[in-house]
Amino acid sequence: MTRLVPGDQAPDFTLPDDEGKEVSLVDLRGSKAIVYFYPAALTPGCTKQACDFSESLDSLAKDGYSVVGISPDKPEKLARFRAKEHLTIALLGDPDKEVLKAWGAYGEKKLYGKTVEGVIRSTIVLDEHGVVTHAWYNVKATGHVAKVRRDLGLGD
């Protein structure tokens, strides 16, 4: 598995959002973007992370960032997730896991002491041209948005 590093051009993608509309990486060009990968909608850690990004969306947008969350979920489950948690961030589904793999967010990981294959909770920050400026893998859901803000020099 290859992980992205600063300076890499982010791999292109086209994925359905929670309404079934296709969203492509090219749609994010022209502004900075935070693309984060999470294992499953409607689970405690993923809910915490999505709510944190949603609550920070206005201030991130003021600093020029859009936010996109990608999971292997289908649009129908993402729609339930958005409605239940009142999420404001973009949610995309990658049931085939091809984008997850291309971005280094799917592969072997440790879960309760066992090696398993699955989604690696990750966050990638892109500049206006789709070039990686920051890449974090194996992140914790709780407190991660605050860490991203600090590392980007955005404060709280």
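What follows is calculated from the coordinates using simple rules that are stated; it is not laboratory data. In this text, all values refer to a predicted model and were calculated from it rather than measured experimentally. We place every Cβ from the backbone using ideal geometry, glycine too, and count neighbours over all the protein chains shown.
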| field | Centroid-to-centroid separation of the range 77-108 and the range 1-70 [C-alpha atoms, Å] | value | 9 Å
| note | Of the listed links Lys62/Lys114; Lys62/Lys109; Lys110/Lys147; Lys21/Lys114; Lys84/Lys110, those spanning more than 32 angstrom between alpha carbons are Lys62/Lys114; Lys62/Lys109; Lys21/Lys114
| Arranged by the count of other C-beta atoms within 10 angstrom, fewest first, what order do Trp103, Trp136 take? | Trp136, Trp103
| message | Checking the a/c ratio against 1.5 first, then a/b against b/c, what shape does the Cα gyration tensor give for the chain? | response | rounded
| Per-residue HN-Hα couplings for the range 119-132, Karplus 6.51 cos²θ - 1.76 cosθ + 1.60 at θ = phi - 60°, whole Hz, x for Gly and Pro? | 6, 9, 4, 9, 9, 10, 10, 10, 7, 5, 9, x, 9, 5
| field | Least to most buried among Val148, Val116, Val139 (fewest other Cβ within 10 Å first) | value | Val116, Val139, Val148
| message | Under the rule of at least 5 residues apart or a separate chain, name every residue whose amide H is placed under 5 Å from the amide H of Phe13. | response | Leu25, Val26
| Charge dipole of the chain about the Cα centre (unit charges at C-beta), most positive-ward option of Pro44, Leu152, Val26 | Pro44
| field | Sorted by Cβ neighbour density within 10 Å, fewest at the top, the residues Lys109, Lys147 | value | Lys147, Lys109
| note | Taking 0.36 nm per residue of separation between Lys110 and Lys84 and subtracting their Cα-Cα distance, the length gained on full extension comes to 6.4 nm
| request: Per DSSP H run of at least 4 residues, take -39500 (n - 2.57); add these up for the chain, divide by its residues and hand me the 222 nm value, nearest 500 deg cm²/dmol. | output: -8500 deg cm²/dmol
| Neighbour net charge for Thr43 - beta-carbon separation under 13 angstrom, K R +1, D E -1 | +3
| note | Interchain or sequence-distant (5+) residues whose placed amide H lies within less than 5 Å of the amide H of Leu91 are Asp18, Gly69
| remark: The ³J(HN,Hα) series, computed from each phi in the range 73-79 with the Karplus coefficients 6.51, -1.76 and 1.60 at θ = phi - 60°, rounded to the nearest Hz and given as x for glycine or proline, is 6, 7, x, 4, 5, 4, 5
| Cα extents of the range 88-156 along the three principal axes, largest first, in whole Å? | 36, 27, 24
